[in-house]
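The values are calculated or read from the model by the stated rules, or taken from the named source; none is laboratory data. These figures come from a predicted structure and were not determined experimentally. Positions of Cβ are backbone-derived with ideal geometry, glycine not excepted, and every protein chain shown enters the neighbour counts.
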Amino acid sequence: MFENMESEKSILVASTVDGYMRGERVWEGPHAGRHASQNSRNLPLICRPWRLWHRATLCFAGPRKASWRRCILGAALIVIVVVIYSFSESSHRSLLSYVLCSSLVRGRPPESLFRCNNMGNTTLPHLRVPPKTLENKLREDPKVLLFTETRYSKTGKAITNILVANRIKYKMEVLGKSLPGLTNLSRGKYGTVVFENFERYLQIDPWNRELLDKYFRDYNVGLIGFMPSHEDTQVGAKLRGFPLYVHTNMALENISLNGENPVLQLTRAGGTITDNLLGMAWTVFSPDDTTYVPIEWAYSSVPHYSEEKLITVVLDKGEFDGIQRVLFGGNLEFWLHRLLFLDAMSYLSMGRISISMDRYVLVDIDDIFVAKKGIRMTADDVMALLDSQKRLQEMVPGWKFNLGFSGKYYQNGYPEENIGDRKLLEHVDDFWWFGHMWGHTQPHLLSPKDLEEQMELNKQFAMKHNIPTDSGYGVAPHHSGVYPVHEALYDVWKKVWNVRVTSSEEYPHLHPARLRRGFIHRNIMVLPRQTCGLFTHTIFIDQYPGGRNILDVSIHGGELFQTIVFSPVSIFMTHLSNYGNDRLALYTFESVIKFVKCWTNLNLRTVPPLQLGEKYFHLFPEERDPIWGYPCADHRHLEIWAKNKSCEQLPKFLVIGPQKTGTTALYTFLAMHSAIVANYPSPETFEEVQFFNGKNYYKGIDWYMKFFPVPANSSSKFLFEKSATYFEGETVPNRVKALLPHVKLVITIIPPSKRAYSWYHHMRAHNDLTSLQYNFHEVITATDKAPRQLRTLRNKCLIPGMYAKHIERWLDFFPASQVTIIDGEELRNDPIYIMNDLQKFLNIEPFYNYTEHLRFDKRKGFFCQVIEEDKTKCLGRGKGRIYPAMNESDAKLLKEYYQPYNIALEKLLTRLDYPVPGWLEDELQ
Ligand code: A3P
């Protein structure tokens, strides 16, 4: 694939029995002899019966699918060994072993053979800075404007994936008759405009083209365009309006970068790529003006077509028409283009849309002392690990492998492996260490007491063997307990190990990696963990799932390479077995780091986990707050969720408010239904749980679920809760959607001014000092210069009544079919009708006939619950309070204040097919 990548033939043969016993080896292939005295791990298998047994069993049952020849050979060897060991005298045994040793063939660990053919120093181009006059013309965080063919087009998706992975904000538009607004209060919204198909830009009608081009010039913003691949071949076709010619449908090879072009920032001109360039149909550019500078070029793979380099990505410096552009003659399937795309964006936005050049990489080695007999590390593997660490340190300042151990399995391997265990401890100071579970048990299966005992045992082991215990980092087997959260793990981690940082692949879920994020729970930082393609049983290169090429592609520009390039912080998890056997982890990381150094200007470094955590949340403070997801959407999450937890213990619907619209009456009437179960009361907030809107959210979902009965006959019960402050909470809809994606939402509304007035009296009744200090008029007319408490009171009084605004926010997250809006006035006057309707919306069975259970109580002036024939139970004194009527001038003021929101509400209700309540019509008169 790349020039200078040496082919490798990894076959080791013993030259003679004597040679083997002296540790001499003969290598076939280009490195023959290089490692002849490397180590005893390469002793013939028969001389290490445990390895022989392991390999032979893998023939039939293991992950390794050997050839039939090997299997037969393996089987024969086992039979012979058994016979020898059973029947021979010891002298015969050793003789036969000698004979057998001479005929064995085994693999050798692969080495990173990638050599960069342009490794010298390159001067890093200076990031372009906008001239002072232009600085304020764009908004502070300009977005990318992306024009796609359709919402689902391939290149469009590839572009958005890169933007999401790099946390770059964008707006996606399917190009129609009109352009989206490009400015806001005369500030430009977009830092770069991308056309998935550049031809669409050329075809825009003159009016819109003029508008767009003017935006480019006025705001000094550039365009990125991708040439579409064509079935028909065009030779030398002129691009309409440009001194630029294109040739389409070209097959190319030997692609490289023009190191002299000013666009390269992240990307480094690493050499020549010699593979068949994905069989893409390329477009190449022939410029006829000095405004064009080649960025990438290649040769035709058709013999004698052209001896010259053909330009595949070109920069238009804007000398021709005042607009800078970067045009791609191939798509983003080619990994190098993904890097160039980021550079083009940074260049064309004058650095305003650019990513940092610092990358932190940490490699964990988990399961130290845990791996099964036969696939653990030997002493030589440990030495190879140390050698590799030294080489990596030269490329990545601070590189140290981070070792996670379970002491219970120390010295639990074959003799050579036990020496390996001891070797690791001899070099204890050369690595970083973190505690794992003593017995590698999943925390979610353990009681807090057992969990603590397990961790204590491991800590004692660490102290006995001088393993440092102060890294502040911990991981759990299979992410168990980290996410979905098992609170006991967090408690015990803190108590025993003072853990302050961990990592997981499970938040929000395993795939796709670009969406993985971090969060902080109970002061423990959970960092996103990446996968590198190596799992416990990926231990031999020739058995890599799908073939070695898959791993090599991932390293050389593919997934692993891009993970490092696109994530400012990468933590990779590997396992002890990846460092024994074929030492695939050493191969993988040395190779990918070399590749990153060759093709990028990134500053790579490694810091200890605690520093890494601090770095991460410094970079992404918005990720500190967790978003608890629905644990039952992902089978992996279910596998690491305690068996006594169930999604049936989560509510099926929520009454979300707003306050003072009749939510308590609704809650009480719903709870009368035999199939509906309300939450247990909270000691602090009474009938309301108030989970999604405040500090309670940080207590986690175990805390939330405690408010609901453990499901017995779950499916027939409708659990619900009512928290009337959910309605206007900015972050609430997103949180509810994440945890309860299928939940139904019940909203009640009454005239907003009436609601505001009722709320004010509610606060007074609760002895709220501010409301006692200020009268209603003072509250609703308070300005932004008023004392803070008064402003807070004013906001809480008025903001929930902006119904349309809040309902629209909920509808951004939930389909209208999951939401019902109840007229609170109707609920008050005719609750039987409302409750019957609500049962239908909730699909609740059996039908509960409220006619028999609700009755108007003259004394209370409201509908109340029928207890006996002539007895009702009404809501307490706090509901249906008696207070003086609102004075007319305040009512008028509020009517005006709410008018725009009420207009929007009428439109919204009509759009959603609801009748417009009489009171709303009155408000709008
Ligand atoms: P007032 O006390 O101002 O009259 P919430 O429960 O959301 O806080 O709403 C309280 C309001 O519910 C009361 O406001 C009252 O008008 C209204 N309500 C509707 N039906 C009711 C009922 N059956 N009993 C008591 N109050 C009811």
Would you pick out the residues in region 448-491 that are out of contact with any His (no Cβ under 9 Å at 6 or more places or on another chain), under 19 Å from ARG522 (Cβ atoms) and of a type in the set (Gly, Ala, Ser)? SER471, GLY472
Give the residues of region 744-759 that are of a type in the set (S, T, N, Q) and touching a helix residue (DSSP H, G or I) at 6+ places or on another chain (Cβ under 6 Å), sorted by residue number. THR748, SER753
Tell me, which helices (runs of 4 or more DSSP H) lie completely within region 129-243 with 2 or more residues that are in contact (Cβ under 8 Å) with a residue 24 or more places away in the chain and closer than 24 Å to THR312 by Cβ? 154-165, 198-203
For region 279-293, check the following and say yes or no: at least one residue is among the β-branched types (Val, Ile, Thr) and touching a His at 6+ places or on another chain (Cβ under 9 Å). yes
Yes/no for LYS754 being buried (at least 23 other Cβ atoms within 10 Å of the Cβ) and under 23 Å from TYR897 (Cα atoms): no
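Quick test for you: out of LYS449, LYS390, LYS464, LYS423, pick the one residue that is in contact with a helix residue (DSSP H, G or I) (Cβ under 6 Å, 6 or more places away or on another chain) and either surrounded by fewer than 22 Cβ atoms within 10 Å (Cβ to Cβ) or aliphatic (A, V, I, L, M) (or both).
Only one candidate qualifies: LYS423.
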Listed by first then second residue, the pairs whose first member lies in region 863-886 and is in contact (Cβ under 8 Å) with a residue 24 or more places away in the chain and surrounded by 10 or more Cβ atoms within 10 Å (Cβ to Cβ), whose partner is of a type in the set (Gly, Ala, Ser) and not in a loop (DSSP other than H, G, I, E, B), with beta carbons under 7 Å and at least 6 positions apart or on separate chains, are LEU875/ALA665; GLY878/ALA765; LYS879/ALA665; ARG881/ALA765
Yes or no: LEU827 in contact with a strand residue (DSSP E or B) (Cβ under 8 Å, 6 or more places away or on another chain) and without any contact (Cβ under 8 Å) to a residue 40 or more places away in the chain? no
Being more than 21 Å from ASP343 (Cα to Cα) and touching a helix residue (DSSP H, G or I) at 6+ places or on another chain (Cβ under 6 Å) narrows it down to one residue among ARG240, ARG268; which is it? ARG240
For region 639-649, which residues satisfy the criterion of being out of contact with any Ser or Thr (no Cβ under 6 Å at 6 or more places or on another chain) and either of a type in the set (Val, Ile, Thr) or over 16 Å from HIS742 (Cβ atoms) (or both)? GLU639, TRP641, ALA642, LYS643, ASN644, LYS645
Cross-chain or 6+ apart pairs with Cβ under 7 Å, region 909-925 first and at negative phi, then of a type in the set (Asp, Glu): VAL916/GLU906; PRO917/ASP823; PRO917/GLU825; TRP919/GLU825; LEU920/GLU906; LEU924/GLU906
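A quick yes/no check of all residues on (1) more than 42 Å from the chain's Cα centre (by Cα); (2) more than 15 Å from the ligand (Cβ to nearest atom); (3) over 23 Å from ALA724 (Cα atoms):
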position	(1), (2), (3)
ARG828	yes, no, no
ILE832	yes, no, no
ASP837	no, yes, no
ARG859	yes, no, yes
VAL866	yes, no, yes
PRO884	yes, no, yes
GLU896	yes, yes, yes
GLU906	no, yes, no
ASP913	no, yes, yes
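In this structure, does GLN234 turn out to be over 40 Å from the mean Cα position of the chain (by Cα) and of a type outside the set (D, E, K, R)?
yes
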Report every pair of residues separated by at least 6 positions or lying on different chains whose Cβ atoms are under 6 Å apart, first residue within region 657-673 and near the ligand (Cβ under 8 Å from one of its atoms), second of a type in the set (Ser, Thr, Tyr) and assigned to a helix (DSSP H, G or I). GLY657/THR663; LYS660/SER758
Of all residues being out of contact with any helix residue (DSSP H, G or I) (no Cβ under 7 Å at 6 or more places or on another chain) and outside any loop (DSSP other than H, G, I, E, B) in region 674-691, which is nearest to the ligand (Cβ to nearest atom)? Just the residue, please. PHE686
Quick one: is THR283 touching a residue at least 12 places away in the same chain (Cβ under 8 Å), over 18 Å from PRO243 (Cβ atoms) and touching a Ser or Thr at 6+ places or on another chain (Cβ under 9 Å)? no
Take the residues in region 470-480 that are of a type outside the set (D, E, K, R) and part of a loop (DSSP other than H, G, I, E, B); name whichever of them is surrounded by the fewest Cβ atoms within 10 Å (Cβ to Cβ). GLY472
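A quick yes/no check of all residues on (1) within 16 Å of the ligand (Cβ to nearest atom); (2) free of Cβ contacts under 8 Å to residues at least 40 places away in the same chain; (3) touching a Lys or Arg at 6+ places or on another chain (Cβ under 6 Å):
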| residue | (1), (2), (3) |
| --- | --- |
| LEU740 | no, no, no |
| THR748 | yes, no, no |
| TRP759 | yes, no, yes |
| PHE776 | yes, no, no |
| ALA782 | no, yes, yes |
| ARG791 | no, yes, no |
| MET802 | no, no, no |
| LYS805 | no, no, no |
What is the residue count in region 692-704 for residues that are surrounded by 19 or more Cβ atoms within 10 Å (Cβ to Cβ) and not in a loop (DSSP other than H, G, I, E, B)? 3
Which residue out of ARG855, ARG791 is farther than 26 Å from GLU923 by Cα and either modelled with pLDDT of 95 or more or of a type in the set (Asp, Glu) (or both)? ARG855
Qualifying position, being farther than 30 Å from GLU921 by Cα and either within 16 Å of the ligand (Cβ to nearest atom) or not aromatic (Phe, Trp, Tyr) (or both), among PHE720, PHE708, PHE727: PHE720
Taking region 674-691 on its own, how many of its residues are touching a residue at least 60 places away in the same chain (Cβ under 8 Å) and touching a strand residue (DSSP E or B) at 6+ places or on another chain (Cβ under 9 Å)? 2
By residue number, the members of region 870-897 that are touching a strand residue (DSSP E or B) at 6+ places or on another chain (Cβ under 8 Å) and outside any strand (DSSP E or B) are CYS874, LEU875, LYS879, GLY880
Only one of (1) touching a helix residue (DSSP H, G or I) at 6+ places or on another chain (Cβ under 7 Å); (2) more than 16 Å from the ligand (Cβ to nearest atom) is not met by LEU875, so which one is it? (2)
Among the numbered criteria (1) under 33 Å from the mean Cα position of the chain (by Cα); (2) within 25 Å of THR148 (Cα to Cα); (3) among the basic types (Lys, Arg), which single criterion is violated by ARG268? (2)
Quick check on region 635-656: of everything there that is β-branched (Val, Ile, Thr) and within 16 Å of the ligand (Cβ to nearest atom), which residue is nearest to GLY729 (Cα to Cα)? ILE656
